[in-house]
Structure formats: C-alpha cells, structure tokens
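The structure appears right after this line, and notes come after that.
The values are calculated or read from the model by the stated rules, or taken from the named source; none is laboratory data. Bear in mind that the values here come from a model prediction, so they are computed numbers and not experimental data. In this analysis, Cβ positions are derived from the backbone assuming ideal geometry, glycine residues included, and neighbour counts consider all displayed protein chains.
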Amino acid sequence: MEWPLKTAQKEILKAFDQFVIENKSFLENKKLLVWGASVRGTLLGMILEKKGLIDFLYIDNDERKWGNHINGHSILNPNEVRNQLQNTFILIPVEYPEEICKQLYSWGLKEDSFAVIKSNIEKSYTEEFFRQYGYDRLVIGETFLNETIIDEENPESIKDCLWRTYKKENMKVLAMNCMGMQGFYHMIRLQIMLGYVPQKVWIFVNFETLTEFHHMLSRTQHPDLLKMIAETGQIRDEYFQQYIQQAEERARNYKIEMQYSPQRTFDGKNVDNETIQKEYMKIQILRPLSLETEEMLYFKRILQVLRKYDIAGYVINTPINYQLAKKLYHEEFVEIYEKNRSVLKKLADDYKCQFWDMGDLLEEGDFVSMVTINDAVCQSGRDKILAYIDRNEEMEDGAEN
C-alpha cells in the first residue's frame, strides 16, 4: 500500500534536489539508506530516482512500517542493518533529526557516515516574520498556501500567486505547513507587539486544523522555527517562551501522530486509495467542530485580538475536493461539512469578521490528485481562487464607496 505523493513545499523540494545534484558523484559510489519512511523520505526517494540513484532502501524506527515498501524500496528495521554498514551512507530528510543522530552516534558512526538534509523553511519564515512591508494585508495559513506540484515545470504556490497579485511589498504571508491556531495566534500577537499592525488579516482555515487532536501532533509544533524567531533577540515575551517549551515537548510525542495517520491504519494490507481516503476523511473531516477544542479556543482568541486592535479580519475557508468527498461519503459528508462551515461563519460574524467560503469552489479536475480530498491545486484551481478573492475584494470596495 502506497500513498500518492504529488505535492511538496517548494523550499523542501529545492533543498532535496540541490543536495542530490551537489553530491551525486559521491552518492553513486555508496550503498544508500534513507532514514524516514514518511512524506519527506518519499520525496527524497523520488528525487534520488530522477537523478538515476535507484538502488536504496528505507529504514525507520516505526515497527509498523517494517516489511512494507515505498515505490518498490523496502522499509527495514534499523537494527537489521546496523552491523552491515560498510560503504553505506545514510540520508536523513526528517524534520526532527536529533534523536536519529544520537542513535547513529550510539552505533559508533561518525558524521562522515550520514547527512541531515535540511531546507531553509525556518529561515525563510523568520525573514518574512521580521520583514518590513506596507501593512496592508497580513496573511496567515499553513499547508494550503505553501504546497507546489512536484512535476510542474515552474511550480507556483498560492503564496506565490498572492504576492504576484497583491505585491509583496504590501502583503506579508506567514505560512507554515501544519501549523495550528495556537501558532497563528502567537504570530499575529507578536506582529502587533513589534509594531507591524496590518489593516487586514486574512486567516486561511481548514477543518482539519480545528480538530480536537491537531494541537498535539508532532508535525504541528515547529519548535525549531519558534526558537529561531526568539533567538533573534527582537522578542522578549514570557508567554512566547512558554509556548516554545510546550512545542518542544509535544514535538517528541510521535506515538499520537501514529494514531491519526490513515496510511498506518492499513499497514501491511492490500487496500485501494479510495479505502485509505475514506479513512482519512473519517479521522480528519467527518468530525463535527466543537467550540471547546484547544484549536477553536485559540481561533477565538485570534478574532478577539483583531477586534481589540480594530483590524479587519477575514476568515477564509480553504477549498477541498468537495465532489470527491461527496462521492465517498454521500450525505453524511454533506451534513457534517455544512454544519461545520456554519459554525465557522457564525464565529466570524460574532467577531465582525468577513467569511469567505471557498469550500466547494473548485472542480475535481482543479486538484493535482484525484484520490485525495485536500491536495494542492493545479493552475486552473489557482486561477479560480485568485478570481474568487478578487471578486470579494471588489465587492467590499464597492460597499465601502
């Protein structure tokens, strides 16, 4: 069973591609192991194959992955190979590599036996966080804004489209994959504290971010990013320091991540993508929103901050493959989804914010993958999203005049 990977964050794609190009002659003469049979590991494997490096295996500490394959490459228990590492080089593309490096050192390996492949995501975000701009629009969001299509000739994200349309000098975009509402809250609060008070804040929201478990997942924490922002010395805030400590603790909680992965539900079983996607929807989408989850409480705090500082707030419901979801779960999906966006709209109305609903804006063909509900969108989808935002902007300008 394999999950189709068609999208990636541009910075990660560029970093992995550049690493392989720069080190290809060295890697060609080594037996290769990729540590991490996950999204980043899969992406690195795809790049290795494109560059002609097809002889490699995966290793992972998650025992539920052992014996499975990614695109034909076996996933092994690290302890199976630890005594067979002659002329072997280990590639580590994971987000939090520290524990893996400690494990390799405990095997007696030195740094010339492995490489951590890092991107500039945290650095780029930090630079954007402190960038001076015209204070017109502050855009906050996560994966939807960052994802690009892997095989697209000139990959462009929604973030790129927004900058191109509304001019980067007038718009700041703070987008980090999987970041939740507590992170958004601190980013907005600290921007105001630094004196970067925007006229408008656009908050791109998806319902997965608001679930009762999202705030606990390791991939949503980003402690390295938070520490990088703090280490600039430009922020002295005890509340933010407490948040960093919490993020570091939660980032180490890998077990809860395993509970909410549809792929792992079917490890070792021969199931089709529709079955996997239905399980994903059950976990992530088919859950009525509760106003008492941690994510929803921080979402309300965001809206309170915007109202306190008289900032125009825009709650933007991001598009999903509504037609595919309806095919998979029929009226059950429609009923829950419609109730959830009613909850979101009421919250926006209660705090005098605009609610822009793009939930069912796109057709199936506007998404890069036909088997996932909320994958990145093709050029046709990006065009429709920008046109929708333009129409709403024009309507608002007309109402003000």
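Within segment 201-218, restricting attention to residues that are buried (at least 18 other Cβ atoms within 10 Å of the Cβ) and not hydrophobic (A, V, I, L, M, F, W, C), which residue is farthest from the chain's Cα centre (by Cα)?
Here the residue is Thr211.
Can you list residue pairs whose Cβ atoms sit under 9 Å apart, with the first residue in segment 50-61 being surrounded by fewer than 16 Cβ atoms within 10 Å (Cβ to Cβ) and the second being among the polar types (S, T, N, Q)? Count only pairs 6 or more apart in sequence or on different chains.
Taking only residues 6 or more apart or on different chains, not a single pair turns up.
Of the residues that sit in segment 284-299 and are in contact with a helix residue (DSSP H, G or I) (Cβ under 7 Å, 6 or more places away or on another chain) and charged (D, E, K, R), which one is surrounded by the fewest Cβ atoms within 10 Å (Cβ to Cβ)?
Looking only at segment 284-299, we keep the residues that are in contact with a helix residue (DSSP H, G or I) (Cβ under 7 Å, 6 or more places away or on another chain), and these are 284-286, 288-290, 293-296, 298-299.
Filter once more, keeping what is charged (D, E, K, R): 294-295.
Values: Glu294: 16, Glu295: 24.
Here the residue is Glu294.
What number goes with the only condition from (1) buried (at least 19 other Cβ atoms within 10 Å of the Cβ); (2) modelled with pLDDT under 95 that Leu33 does not pass?
(2)
Determine which single condition Glu80 fails, assuming it passes every other condition in (1) without any contact (Cβ under 8 Å) to a residue 24 or more places away in the chain; (2) more than 25 Å from the chain's Cα centre (by Cα); (3) assigned to a loop (DSSP other than H, G, I, E, B).
Exception for Glu80: condition (3).
Within segment 9-24, is there a residue that is under 27 Å from Asn177 (Cα atoms), surrounded by 15 or more Cβ atoms within 10 Å (Cβ to Cβ) and touching a strand residue (DSSP E or B) at 6+ places or on another chain (Cβ under 6 Å)?
Yes, there is a match, as at least one residue in segment 9-24 is under 27 Å from Asn177 (Cα atoms), surrounded by 15 or more Cβ atoms within 10 Å (Cβ to Cβ) and touching a strand residue (DSSP E or B) at 6+ places or on another chain (Cβ under 6 Å).
Given the criterion within 24 Å of Glu156 (Cα to Cα) and either of a type outside the set (A, V, I, L, M, F, W, C) or in the same structural domain as Phe144 (by TED's automatic domain parsing) (or both), identify the matching residue among Gln86, Gln18.
Unique residue meeting the criteria: Gln18.
May I ask you to list the residues in segment 62-74 that are touching a residue at least 24 places away in the same chain (Cβ under 8 Å) and farther than 16 Å from Ala8 by Cβ?
First, pick out the residues of segment 62-74 that are touching a residue at least 24 places away in the same chain (Cβ under 8 Å): 62, 64-65, 67-71, 73.
Within segment 62-74, Asp62, Arg64, Lys65, Gly67, Asn68, His69, His73 meet the criteria.
Please determine whether any residue of segment 85-94 is under 26 Å from Glu142 (Cα atoms), touching a residue at least 60 places away in the same chain (Cβ under 8 Å) and not hydroxyl-bearing (Ser, Thr, Tyr).
yes
Checking the conditions here, which among Ala348, Ala325 is modelled with pLDDT under 95, part of a helix (DSSP H, G or I) and buried (at least 21 other Cβ atoms within 10 Å of the Cβ)?
Working: Ala348 fails: modelled with pLDDT under 95.
None of the others qualify; the one that does is Ala325.
So which residues in segment 137-190 are among the β-branched types (Val, Ile, Thr), modelled with pLDDT of 95 or more and under 21 Å from Ile12 (Cβ atoms)?
Across segment 137-190, the qualifying residues are Val139, Ile140, Val173.
Just for segment 212-242: of the residues that are in contact (Cβ under 8 Å) with a residue 60 or more places away in the chain and among the hydroxyl-bearing types (Ser, Thr, Tyr), which one is farthest from Glu98 (Cα to Cα)?
Taking the candidates together, the pick is Thr232.
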